[in-house]
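These notes are about the structure you will find just below.
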Ligand SMILES: [Zn+2]
């Protein structure tokens, strides 16, 4: 069987047209893998950039993997595209992991990847203010000196503080800012609303939220089945070498994973892939290690969820 020549998307990490180039790459990936990989538009950012999903597999266990809620953490977008390519390369040689071939895995599992949740925010980080629409030019919170450390969307809402939970983050702010603003109401932003609709449509059995800061895995959100979720998180901790964060209950948070775990009582992980680098993009030099640690994570997570949630 032919082996796909494996190519990383890391060159896009230096793009000045980040969201445009990522979406182009996603459409291309779908086109070259017709019948196996499906591209869907799940919504649009504030500035009208399509938010795309890539779906692979046809199983009843449904897994959502998403990245770049936080603008400056877009190295995780590259990671997701590379994870998909890597999965396809294993599929082509019918590779097995834990005695399960990838072709069998794709009979049991459907993966949905949303590689770039926050395209407008990522563009601020990558392009500076070049693409800010006219009507946003006089917004005070859009301060050019903050663009390289931007986490929020272009409305100045931190998307990972815009989800409804019982114990919301206690340090969120109300005014638009480059980080930490919870927004005027839950799901107020088109980006979080798109994920809400996607989640309600698929009713996922498990999710991974990729973030970039601190080489740690968050897995708790006051869930009932703590043993199941701890055991899944442990498998991913062993694979990646990232420590599990053990928090005191009630755990606070207003992120996608928190909402998902609380609302659906299914396992969800937030994986922080890089050592803390301060308020900036993760340096490209960190990527090789990030990819090596995370390339098998979607597969291992899906197997765990498949065995433990049926
Ligand atoms: Zn983050």
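How would you order 271-282, 68-79 from highest to lowest mean count of nearby Cβ atoms within 10 Å? Walk me through the numbers on the way to the answer.
Details: 271-282: 17.6, 68-79: 27.9.
The packing order, highest mean first, is 68-79, 271-282.
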- Contour excess over end-to-end distance, with Cα ends at residue 246 and residue 93 and 0.36 nm allotted per residue: 51.2 nm
- Item | Interatomic Cα distance distribution for region 231-280, bins of 10 angstrom, percent | 20, 47, 30, 2
- Message: If you average the C-alpha positions of region 60-74 and of region 113-144 separately, how far apart do those two centres end up, in angstrom?
- Response: 19
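How would you rank 215-223, 117-125, 200-208, highest first, on the average number of other Cβ atoms within 10 Å across their residues? Working shown, then result.
Working: 215-223: 21.2, 117-125: 28.9, 200-208: 18.6.
Going by the mean number of other Cβ atoms within 10 Å, highest first, we get 117-125, 215-223, 200-208.
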- Message: Is the C-alpha gyration tensor of region 221-310 telling us rounded, prolate or oblate? Criteria: a/c under 1.5 is rounded; beyond that, a/b larger than b/c is prolate, otherwise oblate.
- Response: oblate
- Roughly what percent of Cα-Cα pairs across region 7-118 reach past 19 Å? 44
- Item | Rh (Kirkwood; distinct C-alpha pairs) - the chain, Å | 19.4
- Item | the chain - mean residue ellipticity at 222 nm from DSSP helices (-39,500 (n - 2.57) per run, n ≥ 4, rounded to 500) | -10500 deg cm²/dmol
- Message: Pairs of alpha-carbon atoms within less than 8 angstrom and 6+ residues apart define the contacts here; what relative contact order does the chain have, in percent?
- Response: 20
- Return the ratio Rg/(2.2 N^0.38 Å) for region 120-268, where Rg is computed over Cα atoms only. 1.13
- Message: Quick check on the chain: of the DSSP beta bridges with both residues there, what percent are antiparallel, nearest 5%?
- Response: 45
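What order do you get for 27, 178, 287 when you list them from fewest to most C-beta neighbours inside 10 Å? Before the final figure, lay out the partial values.
Working: 27 14, 178 23, 287 19.
Going from least to most buried by this count: 27, 287, 178.
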- Reciprocal of mean inverse Cα separation for region 85-138 (Kirkwood radius, Å): 14.6
- Task: Treat each spin label as a single point 7 Å out from the Cα along the C-beta direction, and report the residue 224 to residue 107 distance in nm.
- Result: 3.3
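Only the coordinates and a few stated rules stand behind these numbers; no lab work does. Remember, it's a predicted structure, so these values are computed and weren't measured experimentally. Neighbour counts are summed over all protein chains in view; Cβ atoms, including those assigned to glycine, are modelled from backbone coordinates with ideal geometry.
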